[in-house]
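The values are calculated or read from the model by the stated rules, or taken from the named source; none is laboratory data. No experiment lies behind these values; they were computed from the predicted model shown. With ideal geometry, Cβ positions are generated from the backbone for all residues, glycine too; neighbour counts draw on all protein chains shown.
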Amino acid sequence: MSAAEHKADAAQSAPAEKRAVTMEKIVNLCKRRGFVFPTSDIYGGLGSTYDYGPLGAELKRNVKEAWWRYMVQERTDVIGLDSAILQHPKTWEASGHLKNFTDPLVDCKKCHHRFRADQIPDPTKCPDCGGELTEARQFNMMLKTFLGPVEDTASTVYLRPETAQGIFANFANIVDTQRVKLPFGVAQMGKSFRNEITPENFIFRTREFEQMEMEYFIKPDEAEEARWFDYWVEHRRNWFLKFGAKRENLRFHQHPKEELSHYSRGTTDLQYHYPFGWGELEGVAKRGSYDLDQHAAASGKDLTYFDEDAKARYRPWVIEPALGVDRAMLVFLLDAYDEDVVENEERIVLRLDPRLAPIKAAVYPLLRKGGQPEKANEVLLRLKKHFTVAYDQAGSIGRRYRRQDEVGTPFGITVDHQTMEDDTVTLRDRDTMTQDRIAIPKLAEELTSRIGWSA
C-alpha cells in the first residue's frame, strides 16, 4: 500500500456503526467464564493489573502462537530471540528512554487525581471535580527496581518498557552466529512494563503487558525503506483479518511529525474501532539506524553489517511492527462477540477463529448411563493428545452447547445411543449448528482439518 493510500485510509475518520458489544459485556464475560480476573481480587485488586484465567491463558497462548507462526515459522527471513527483562542500565541511556520516554502529567489541587495533560479536554480544569490543575510536567514511565541488597544508585535497574532493545543489543551476536543476509528480521515476545499515568479500558492499557515485536533490518536506502514499510503495514493488517478481525473496524493513522517517538523517522498505526472509539492497535515504525547508532556509540562495539555484495560495512535501517498481546486478544474477543436466539433461547456466542479458540472441542455423553460417560471419556482422552478439549455432562444437551458457544468452542462431540452401536459420534459446528456423523478413529483428523492449522 502506498503512502497516499495510507493517508486515504486514515482519512476515514467517521466512526463505524454503533457496536452491539460493549466493554461492560466483554469485562463481565471474561470474569464470569474465566478469561480475565482482576489481580489480587481478594485484596480489592491492584489498579489496572489482571490475571488470565484458564480460558484466558489458552486464548493468549493461541494468539501468540498465531503471531509466531505467521511472523517467524512460515517465513525464511525472520528468526527469534528471547532477551531478558532486566537489561544493563546503560541500555536505556543509549536508547533515549531515560530522557525521552515521558508523558505530560498534571495534578488536581483539589481531589489530587492525576491525568495525562494531552488526554483531558481542558488543561486548566480537573475532569473529575472541576478543580484547578497544576502546570504540566514530564513524567518518565520507566519502572525501576534494585539489584543486590542495598538500594543505592549503583544498583538501580529498570523493567524494560519494550522488548526491542534486547534485539538491538544482541545485533552483533545474531550476525556472528546466524547465517543472516539483509533483509532479515528478529522477532520476540515477552513482558514489558510502563508506569502509565492513566491505565484504562480493561486490558487495553495496563502497566504490565506482553509484547510481540519484530525488528526488520534492511539496507540504508530510502526506496528500500518505503517498500518494506508499506509491505509490513499491509502484512500486519492482513494478519488481523486472517484471524477474525473485521475489516470495517480497522483503519490506518499516520503520525504527524510532532507525534513521532524520539527514535522514529515515520510511524503508521493500525487503529481499531473499540466500543470507546478509535484507538491504537499496532504500530509500524521506521526506526532508521537510530538504535544501532546509539548503542554503538555508548558501548564502543562494532554494530555494523558486512554486505558481501557491496563489499561495504554499514548499520542497517529498521522497520518495526510492534503489537501488544493483550490488546490483540481484546480485539479478537470484541469482534467474535455475538448475541442471537436459538430454539427460542438467547445465547451469547464467541465466533472465535478455531485456531484461537481456548477449547477446540467439547465432548458430551447424551445420557449419564448405558456406558455413554465411559465412552465419552475415551473420546476425550484420545483427542487430548492433539487438542485442548473439555468434557461436560451436566444439564440438557442444548444448555451444554450454549455454555461452550459462550466461550468460543467451535466444535461439540456428542456420544449417544448410536455411538454404542457403531463407534460414531455427532460433530456439531458452533456457527452453522450443523451436525455430521463421524467415526471416532477419524475424529482427530477431521478436527485438524476444520481447525485449519494444517492448511
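So in the stretch 140-159, with the set limited to residues that are within 15 Å of ASN195 (Cα to Cα) and β-branched (Val, Ile, Thr), which one is surrounded by the most Cβ atoms within 10 Å (Cβ to Cβ)?
As a first pass, look at the stretch 140-159 and keep what is within 15 Å of ASN195 (Cα to Cα): 140-145, 157-159.
After this cut, where a residue has to be β-branched (Val, Ile, Thr) as well, the list is 145, 157.
Numbers: THR145: 12, VAL157: 17.
Among those that are within 15 Å of ASN195 (Cα to Cα) and β-branched (Val, Ile, Thr), it is VAL157.
Being crowded, with 17+ Cβ neighbours inside 10 Å and part of a strand (DSSP E or B): is that true of TYR401 here?
For TYR401, the condition - crowded, with 17+ Cβ neighbours inside 10 Å and part of a strand (DSSP E or B) - is not met.
Can you spot a residue in the stretch 43-63 that is among the small types (Gly, Ala, Ser), outside the structural domain of GLU196 (by TED's automatic domain parsing) and surrounded by 13 or more Cβ atoms within 10 Å (Cβ to Cβ)?
Within the stretch 43-63, the subset among the small types (Gly, Ala, Ser) is 44-45, 47-48, 53, 56-57.
Then drop every residue that is not outside the structural domain of GLU196 (by TED's automatic domain parsing), which leaves none.
No - not one qualifying residue is present in the stretch 43-63.
Kindly evaluate THR76 against the criterion of being exposed (fewer than 15 other Cβ atoms within 10 Å of the Cβ) and at pLDDT 90 or above.
Yes: the conditions hold for THR76.
When ASP118 is evaluated against the numbered criteria (1) outside the structural domain of ASP291 (by TED's automatic domain parsing); (2) assigned to a helix (DSSP H, G or I); (3) in contact (Cβ under 8 Å) with a residue 24 or more places away in the chain, which criterion, by number, is the only one it fails?
(3)
Let me confirm something: among VAL379, VAL349, which residue is outside any helix (DSSP H, G or I), touching a residue at least 60 places away in the same chain (Cβ under 8 Å) and not assigned by TED's automatic domain parsing to the domain that holds ASP291?
Within the list VAL379, VAL349, the selection yields VAL349.
Give the number of residues within the stretch 385-403 that are under 26 Å from the mean Cα position of the chain (by Cα) and either over 16 Å from LEU55 (Cβ atoms) or among the hydroxyl-bearing types (Ser, Thr, Tyr) (or both).
So the count comes out to 2.
List the pairs whose first member sits in the stretch 201-213 and is modelled with pLDDT of 95 or more and among the polar types (S, T, N, Q), whose second member is assigned to a loop (DSSP other than H, G, I, E, B) and buried (at least 21 other Cβ atoms within 10 Å of the Cβ), and whose Cβ atoms are under 6 Å apart, counting only residues at least 6 apart or on separate chains?
Taking only residues 6 or more apart or on different chains, the pairs are GLN211/THR163.
Condition first: small (Gly, Ala, Ser) and either assigned to a loop (DSSP other than H, G, I, E, B) or more than 34 Å from the chain's Cα centre (by Cα) (or both). Now tell me which residues in the stretch 404-418 satisfy that. Full working, then the answer.
Filtering the stretch 404-418 for residues small (Gly, Ala, Ser) gives 408, 412.
Within the stretch 404-418, GLY408 is the sole residue that qualifies.
Of the residues ARG69, ARG75, which is of a type in the set (Lys, Arg), in the same structural domain as ASP269 (by TED's automatic domain parsing) and part of a loop (DSSP other than H, G, I, E, B)? Show your work before the answer.
Numbers: ARG69 fails: part of a loop (DSSP other than H, G, I, E, B).
After ruling out the rest, the residue left standing is ARG75.
Please specify each residue of the stretch 283-298 satisfying the condition of being touching a Ser or Thr at 6+ places or on another chain (Cβ under 9 Å) and more than 12 Å from ILE218 (Cα to Cα). Before you say what the answer is, go through the steps one by one.
Our first condition is that a residue be touching a Ser or Thr at 6+ places or on another chain (Cβ under 9 Å); within the stretch 283-298, this holds for 283-288, 290-292, 294-296, 298.
Correct list: GLY283, VAL284, ALA285, TYR290, ASP291, LEU292, GLN294, HIS295, ALA296, ALA298.
Can you pull out the residues in the stretch 419-441 that are farther than 20 Å from HIS386 by Cβ and in a strand (DSSP E or B)?
GLN435, ARG437
Step by step: first the residues of the stretch 27-42, then only those that are free of Cβ contacts under 8 Å to residues at least 24 places away in the same chain, outside any loop (DSSP other than H, G, I, E, B) and in contact with a Gly (Cβ under 8 Å, 6 or more places away or on another chain), then the one that is surrounded by the most Cβ atoms within 10 Å (Cβ to Cβ). Which residue is that?
Of everything passing the filter in the stretch 27-42, PRO38 is surrounded by the most Cβ atoms within 10 Å (Cβ to Cβ).
Output the residue which, of all residues in the stretch 86-139 that are under 22 Å from TYR263 (Cα atoms) and of a type in the set (Ser, Thr, Tyr), is surrounded by the most Cβ atoms within 10 Å (Cβ to Cβ).
SER95
Any residue in the stretch 393-409 that is on the phi < 0 side of the Ramachandran plot and basic (Lys, Arg) sitting within a Cβ distance under 8 Å of a residue that is in a loop (DSSP other than H, G, I, E, B) and crowded, with 16+ Cβ neighbours inside 10 Å? List the pairs, counting only those 6 or more apart or interchain.
The qualifying pairs are ARG400/ASP392; ARG400/GLN393; ARG403/ASP392.
Are there any strands (runs of 3 or more DSSP E) wholly within the stretch 246-317 with 3 or more residues that are over 19 Å from the mean Cα position of the chain (by Cα) and closer than 26 Å to LYS181 by Cβ, and if so which? Can you show your working first?
Working: elements: 250-254, 266-274, 277-288, 305-307, 312-314.
Filter on the stretch 246-317 gives 277-288, 305-307, 312-314.
Do we have any residue at all in the stretch 197-213 that's assigned to a strand (DSSP E or B), within 25 Å of LEU303 (Cα to Cα) and in contact with a helix residue (DSSP H, G or I) (Cβ under 6 Å, 6 or more places away or on another chain)?
Taking every residue of the stretch 197-213 in turn, at least one turns out to be assigned to a strand (DSSP E or B), within 25 Å of LEU303 (Cα to Cα) and in contact with a helix residue (DSSP H, G or I) (Cβ under 6 Å, 6 or more places away or on another chain).
Can you give me the number of residues within the stretch 149-182 that are in a loop (DSSP other than H, G, I, E, B) and within 14 Å of ALA296 (Cα to Cα)?
1
The rows are residues; the columns are (1) under 23 Å from VAL63 (Cβ atoms); (2) at pLDDT below 95.
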site: ALA245; (1), (2): yes, no
site: PRO256; (1), (2): no, yes
site: HIS262; (1), (2): no, yes
site: TYR272; (1), (2): yes, no
site: LYS286; (1), (2): no, no
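Which count do you get for residues in the stretch 128-160 that are farther than 22 Å from ALA94 by Cβ, touching a Lys or Arg at 6+ places or on another chain (Cβ under 7 Å) and β-branched (Val, Ile, Thr)?
Result for the stretch 128-160: 1.
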